[in-house]
Every structure is written in C-alpha cells, then in structure tokens.
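Chemist: Dropping the structure in here first, questions after.
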C-alpha cells in the first residue's frame, strides 16, 4: 500500500521511465532506420520530460519575475538545460535523417536486414547488388 | 531470419527489463515531483530565482540563465546546431540529387499558407524580441521562423524559398547566431573584463540581450530551413 502511494506520487517520473523504455525498445528491436530515429527521439523526449518535471513546483508560477507573477517560481535551471538538450536532439535527428537518405541512395533500402547481405558482396565493386533496384 | 529476430527480441526484452528495475527504483527514491524542498530548487536554482532578475538582467529567468549565467553553454549550443547543418549539407551534397518537386496541394491550402506566412514571421520576431520578459526567446522564435520557411517550402516547393538568398548569403545567415554570440563575448570582455560578460547598465544590457536573441533566432531559423533543404535534396543552399 505504501509502495502504491509512493508510485502514485511519482507517476510523472514513472511515465518518463515508461517512455524511455518504449523508445529504447523501438531503437533496439526495429530494423527500419527511420523507426530507430523515432525511437531515439521518444527516448530523448522522455529525458526532457523528466528533467523539466524536476523543476516543477506544485502551484508554482513560471519563472517570469513580472507584475502579477508571484512565487514560488518553477526552477529555471532545468528549463535552460532542456533547451540545450532539444537543440542537440534536433541536430542528431537531422544528421541521422540525412545519413539515412545516403543509405537509401546507396543500398536502395533502409531496412537493416536488407542492407547487411549486400555488405558481403562489397568486394565486387560494380556488382548490381550495390546499386539498389527501386530507386 | 525469423528465429534470429525472435531471439533478438527476447534478448532486447531481457535487457530492457533489467534496465527498468533500477530506473523505477531510482525514480521512486527521488522527492515527489512538485515538492518545493526538492534539491532541484535549492542552491543554484534558488539563487537564480532570488537574484536572477536583477543580476541576470532578464525578467524571464530562463533567458537570464541562457544568455548570462550560462552563456558559454548557449554559445556551444549555437555552435552545435550550426555544425549539424554543416555536416548535413556536406553529407547531402555528396549524394546524387533528385531535386524532386513538391507534391501539389489543394489551392485552398496553398492560399491559406501563403497568407499566413507574414503573420507567422511577425509572431516569430515578437517571440524573439520579447524573450527577456515573456516566455520565448531566440531559439523558440527561431524555430517558429524555421517552421514558416519549411511550411512555405512544402507548399511552393523548396526551390523558391531556397532561392530567396544566394547560397553564400544563406551560409552567412546560418552563421549569424555564432557570429553575434562571439561578437557579444568580445564586447563583454571589453566592457566588463569577462568573456560573455554583460554590462550592468540596464538599458545597454537589455539591448545587448535583444541583439543576442535576434542573432540566435535568425541563425536558428536559417539553420532549420537549411537542414530541411539538406534532407529534401534542394540544390541551392
């Protein structure tokens, strides 16, 4: 019962953990490169949600010191850190997508299972297997 | 292949289950979210909340943290996103370009988005220049600006939007955030003796912050558009 009460009080954090695990599951089990990027994004988002939640205060105001906004203020530090994290996440995502486009134009597929076999025939440089067929 | 995939799934499940245990256990040890006496609200954060508005120079404490207390972090952030564009453009530039056309949209959607464009741009600049008082700031406004450019690219095709500036000018626009930030760092060194220092005179400090926000916003928006162009295989920029 006590554990249940703690779990209910921490439900925000538990949701972040659940999202993190879902993202990790997609990242690990999916063979589709775009789905892997989506999984990575879900993981990143869960971490952002977690960090922002630590800065929250019950009944608190946004950290704007202006007329009509009275304290206690939510902690500004996690927000600033997450802003940095989001920028890094966007950079990773876009670079990954561009690399996936290269993979697609090189191998004609973005499924990992289908990329690996062509790797074996890499020695035959101008073989048809490398060119891809549906592009 | 199917058996291999099933084994991989079972292994992944075991790995994630092993990960879930410590994560859930650790999260339950933390103070409940929203409690005011949590460590996240003590020390540094408490100091920012208490004195951040005066010493940081921005009523929006997040902006104060970003542009003043942790300016070096933000400078790194601006460099990261600029480097991401450089890398994306380099990778995309080496591949075969298809230069594919935009999918035709209905005239209603086309017209509405063209009509909305200027309003989105005005909103983006509103968010950027009010970043020190209201929620918002350079990055947020930059994302709105970038979203507008991407939206227009989706409707008109990327070519007209990318063609608004020459590739050289786009590159300078994307570097705006980095350049303005570096310039401000040097100005701070001259005025206060500290790199990234902002002068304590409120008017001057506020205008420097707005200049910084504008640089980050314009640079960020241009970088986002550039990332989109790189992904969509647009020839220019």
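Read-outs throughout are calculated quantities, based only on the coordinates presented, and are distinct from any laboratory measurement. The model shown is predicted, which means the values in this text are computed figures rather than measured ones. Every residue, glycine among them, receives a Cβ derived from its backbone with ideal geometry; neighbour counts consider all protein chains shown.
Chemist: What's the FRET efficiency of residue B:55 with residue B:121 using the Cβ-Cβ distance as r and R₀ = 30 Å, to the nearest 0.05?
Modeler: On the way: r = 34 Å, r/R0 = 1.12.
It comes to 0.35.
Chemist: Still on this model: Over all residues in A:51-63, what is the mean tally of Cβ atoms on other chains that come within 10 Å of each residue's Cβ? Show your work: numbers first, answer last.
Modeler: Details: counts 1, 1, 4, 9, 7, 6, 8, 5, 2, 3, 0, 5, 13.
Mean shielding by partner chains, rounded to a whole number: 5.
Chemist: Set the Förster distance to 56 Å, then compute FRET efficiency between residue B:183 and residue B:13 from the Cβ-Cβ distance, nearest 0.05.
Modeler: Values: r = 53 Å, r/R0 = 0.94.
Once the sixth-power term is evaluated, E becomes 0.60.
Chemist: Still on this structure, please answer the following. Please work out the FRET efficiency for the pair residue A:28 and residue B:159, using the Cβ-Cβ distance as r and a Förster radius of 41 Å; give the result to the nearest 0.05. Let's see the in-between values first.
Modeler: On the way: r = 39 Å, r/R0 = 0.96.
Calculated transfer efficiency: 0.55.
Chemist: What span do the alpha-carbon atoms of the range B:143-190 cover on each of the three principal axes, reported in whole Å from largest to smallest?
Modeler: Principal extents (Cα only, largest first): 47, 23, 9 Å.
Chemist: Could I ask something else about it? Starting with the fewest neighbours, write out B:174, B:70, B:5 ranked by other beta-carbon atoms found within 10 Å of each beta-carbon. Could the numbers behind the result be given before it?
Modeler: Details: B:174 25, B:70 19, B:5 12.
Going from least to most buried by this count: B:5, B:70, B:174.
Chemist: In vacuo Debye scattering of chain B, one point per C-alpha: log10 I(q)/I(0) at q = 0.07, 0.08, 0.16 Å⁻¹?
Modeler: Reported log10 I(q)/I(0), two decimals: -0.36, -0.46, -1.06.
Chemist: To continue, here is another question. May I ask you to compute the full-extension gain from residue B:36 to residue B:108, defined as 0.36 nm times their residue separation minus their alpha-carbon distance, rounded to one decimal in nm?
Modeler: Working: separation 72, 0.36 × 72 = 25.92 nm, distance 5.04 nm.
Residue separation times 0.36 nm, minus the Cα-Cα distance, leaves 20.9 nm.
Chemist: Once you've got the GNM for chain B with C-alpha springs shorter than 10 Å, pick whichever of B:24, B:150, B:113 has the biggest mean-square fluctuation.
Modeler: Most flexible of the set in this elastic network: B:24.
Chemist: May I ask you to work out the translational diffusion coefficient for the range B:117-176 at 10 °C, viscosity 1.306 mPa s, via Stokes-Einstein with Rh from the Kirkwood sum over Cα pairs, reported in whole µm²/s? Walk me through the intermediate numbers first.
Modeler: Values: Rh = 12.3 Å.
Once the numbers are plugged in, D ends up at 129 µm²/s.
Chemist: Of B:28, B:67, B:156, which has the largest mean-square fluctuation in a 10 Å C-alpha GNM of chain B?
Modeler: Checking each option, the largest mean-square fluctuation is seen for B:28.
Chemist: Remind me, what semi-axes does the range B:44-152 give for its equivalent ellipsoid, largest first in whole Å, using sqrt of 5 times each Cα gyration tensor eigenvalue?
Modeler: Numbers: eigenvalues 252, 95, 11 Å².
The equivalent ellipsoid of the range B:44-152 has semi-axes of 36, 22, 7 Å.
Chemist: Just to be sure I follow: if Rg is taken over the C-alpha atoms of the range B:167-237 and Rh is the Kirkwood radius over the same atoms, what is Rg/Rh? Kindly include the intermediate steps, with their values, before the conclusion.
Modeler: On the way: Rg = 15.1 Å, Rh = 13.2 Å.
My calculation puts Rg/Rh at 1.14.
Chemist: Additional query: Could you list B:191, B:72 so that the one with the fewest beta carbons within 10 Å of its beta carbon is first and the one with the most is last? Write out the running numbers ahead of the final one.
Modeler: On the way: B:191 16, B:72 12.
Lowest to highest Cβ neighbour count: B:72, B:191.
Chemist: Also, quick follow-up: Need one number for the range A:12-92: average projected area of the convex hull over its C-alpha atoms, nm². Show your work: numbers first, answer last.
Modeler: Details: hull surface 24.1 nm².
Averaging across all directions leaves 6.0 nm² for the Cα convex hull.
Chemist: Quantify how strongly other chains surround peptide A:12-19 by giving the mean number of their Cβ atoms within 10 Å of each of its Cβ atoms. Numbers along the way, then the final one.
Modeler: Details: counts 4, 8, 4, 0, 3, 7, 3, 0.
Mean partner shielding for this stretch: 4.
Chemist: Related question: Return the inverse of the average 1/r over all pairs of distinct C-alpha atoms in the protein assembly as shown, which is the Kirkwood hydrodynamic radius, in Å to one decimal.
Modeler: 23.2 Å
Chemist: What whole-number value in cubic angstrom gives the convex hull volume per residue for the C-alpha atoms of the range B:98-237?
Modeler: Values: hull volume 14.3 nm³, N = 140.
Enclosed volume per residue, from the Cα hull, is 102 Å³.
Chemist: Shifting gears a bit: Relative contact order of chain B, please, whole-number percent, based on alpha carbon pairs below 8 angstrom and at least 6 residues apart. Write out the running numbers ahead of the final one.
Modeler: Working: 286 pairs, mean separation 58.7, N = 237.
In percent, rounded to a whole number, it is 25.
Chemist: Next up: What are the extents of the Cα atoms of the range B:16-83 along their three principal axes, in Å, largest first?
Modeler: Cα extents, longest axis first: 45, 37, 15 Å.
Chemist: What average count of beta carbons from other chains do you get within 10 Å of the Cβ of residues in B:203-209? Kindly include the intermediate steps, with their values, before the conclusion.
Modeler: Values: counts 0, 0, 0, 0, 0, 0, 0.
Average per residue, whole number: 0.
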